[in-house]
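Asker: Let me give you the structure first, and then I'll get to my questions.
The values are calculated or read from the model by the stated rules, or taken from the named source; none is laboratory data. Note that the structure is predicted; figures quoted are calculated from it, not measured. We place every Cβ from the backbone using ideal geometry, glycine too, and count neighbours over all the protein chains shown. Accessible surface areas use protein heavy atoms only, side chains included; no ligands, DNA or RNA. Shrake-Rupley method; radii C 1.70, N 1.55, O 1.52, S 1.80 Å.
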Amino acid sequence: MERSIKSNRVNYLRVSVTDRCNLRCVYCQTFEDKDFLPRSEILSYEEITKIVSILSLSGVSIVRFTGGEPLVRPQIEKLISMIKEIRSIRSIGMTTNGVLLEEKLNYLKNSGLDTVNISIDSLKRERYKKISGFDYLDRVWGSVVKAISADFKAVKLNTILLKGINDDEVLDFAELTLDNNIYVRFIEYFPTVSDFYTLKYRYVPNKLVKEKIERKFGKLLPVSEFVGNGPAKNYTIRGAAGYIGFINSNTEFFCHNCNRIRLSASGNLYPCLFSSFNINVKEIVRKNENEREIKKLLDEFLLNKGNYTKEKTRRYKFIMSDIGG
Ligand code: SAM
């Protein structure tokens, strides 16, 4: 059945600032992915700021930097300061693997970073290495600890469970929320080009994850929809300091609530992670069109977002590090 979707109010922009990453997670960027974009093809900080600034006139007020790994892009804190200057931007976040976060955290915080999401798929050293390709768990955990004490508006841990690899760590992750004011979010794995044939049987539905948590900790209490900006369904264990979120990327249809668009490292603007449709904003900005013309094109794009839902235009093959997960 094809559902009809009205265009939602878009207030959230995810920006992939680079397609490069310092990890090689099995479900994302593999060691074979070596064709990175040349520097000239990546949006400059000035170009990103210009695009965000124009979009902010049409309602975008939340920006999240992702990648690739945003912290491998030199002086990313400069970009944060530039975006902070835009009056109607009320929240700047970053999704990072945390490898470089501990050493850069103070710069990021001082530049105005409000929230941080750290991807961490295992709390066990050997496993972490197996999933990510690198022996960096200690560094990532150091970043988690520092982020928790850094007074961000929110600290969220992102975990993808894969059957037979790390799905026995559900309760260990859930337990982290008992004493820490953090979100632990389980993201359902979805297939992309690099991994589809090898990993599709390892996918774990969040329904089972929730049931497992409830068997140990009792019924999870739902948390108001207004906490957080994304598709996560948030809960808390009774009496816990933090929250547990489920992002049911595979088993749920949440296009009707979607408030986000995505700017890829190569300068394409996408209405949806899964959409094959995009517009090349880099070209438009580099042609030096005047701001009013650019705004007109972007407004038209925003108006039509509802035509590009996962159901209507889903693509299964795409490079996550370009568009940013
Ligand atoms: N390097 C940063 C990081 O590790 O968080 C930002 C980029 S990464 C692509 C952003 C998020 O996308 C991560 O939380 C990652 O787990 C998620 N992701 C990547 N590939 C995915 C897939 N196939 N299915 C579900 N989530 C995925």
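Asker: Name every residue in the range 94-121 that is of a type in the set (Gly, Ala, Ser) and crowded, with 22+ Cβ neighbours inside 10 Å, in order of residue number.
Answerer: GLY98, SER119
Asker: While we're looking at this one, here's another question. Looking at (1) within 16 Å of the ligand (Cβ to nearest atom); (2) without any contact (Cβ under 8 Å) to a residue 24 or more places away in the chain, find the lone condition where GLU126 falls short.
Answerer: It is condition (1) that GLU126 fails.
Asker: I need every pair where a residue in the range 94-120 that is more than 15 Å from the ligand (Cβ to nearest atom) has its Cβ under 8 Å from the Cβ of a residue that is assigned to a strand (DSSP E or B) and polar (S, T, N, Q), sequence separation at least 6 or different chains.
Answerer: ASP114/SER91
Asker: Mind listing whichever residues of the range 53-81 are of a type in the set (A, V, I, L, M, F, W, C) and under 17 Å from the mean Cα position of the chain (by Cα)?
Answerer: Correct list: VAL60, ILE62, VAL63, PHE65, LEU71, VAL72, ILE76, ILE80.
Asker: How many residues, within the range 131-158, are farther than 25 Å from ASN110 by Cα, surrounded by fewer than 19 Cβ atoms within 10 Å (Cβ to Cβ) and touching a residue at least 40 places away in the same chain (Cβ under 8 Å)?
Answerer: 2
Asker: Now, a different point. Picking from ASP135, ASP151, which residue would you name as being more than 19 Å from the chain's Cα centre (by Cα), under 20 Å from MET94 (Cβ atoms) and assigned to a loop (DSSP other than H, G, I, E, B)?
Answerer: On inspection, the qualifying residue turns out to be ASP151.
Asker: For the range 67-85, how many residues meet the condition of being farther than 23 Å from MET320 by Cα and open to solvent by less than 20 Å² (accessible area, probe 1.4 Å)?
Answerer: Total satisfying the criteria: 1.
Asker: When you go through LYS282, LYS216, LYS212, LYS312 one by one, which is the residue that is in a helix (DSSP H, G or I), modelled with pLDDT of 95 or more and under 23 Å from the mean Cα position of the chain (by Cα)?
Answerer: It is LYS282.
Asker: Further question on the same structure: Within the range 165-209, count every residue that is in a helix (DSSP H, G or I) and modelled with pLDDT of 95 or more.
Answerer: Residues flagged as in a helix (DSSP H, G or I) and modelled with pLDDT of 95 or more within the range 165-209 amount to 17.
Asker: Another one. Condition (residue is open to solvent by less than 60 Å² (accessible area, probe 1.4 Å), farther than 22 Å from GLY324 by Cβ and of a type in the set (A, V, I, L, M)) applied to the range 224-236: is it met by at least one residue?
Answerer: yes
Rundown of residues vs (1) open to solvent by 40 Å² or more (accessible area, probe 1.4 Å); (2) away from the ligand (no atom under 16 Å from the Cβ); (3) closer than 29 Å to LEU298 by Cβ; (4) at pLDDT 95 or above, yes/no style:
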site	(1), (2), (3), (4)
ARG14	no, no, yes, yes
THR30	no, no, no, no
ASP33	yes, no, no, no
PHE36	yes, no, yes, no
TYR45	no, yes, yes, yes
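Asker: A further question follows. Answer yes or no: is there a residue in the range 183-198 that is free of Cβ contacts under 8 Å to residues at least 40 places away in the same chain, within 14 Å of the ligand (Cβ to nearest atom) and open to solvent by 30 Å² or more (accessible area, probe 1.4 Å).
Answerer: yes
Asker: Looking at the range 19-60, which of its residues are assigned to a loop (DSSP other than H, G, I, E, B) and basic (Lys, Arg)? Give the steps one after another, and end with the answer.
Answerer: Step one: filter the range 19-60 for residues assigned to a loop (DSSP other than H, G, I, E, B), giving 19-38, 42-44, 57-60.
ARG20, ARG24, LYS34, listed by residue number.
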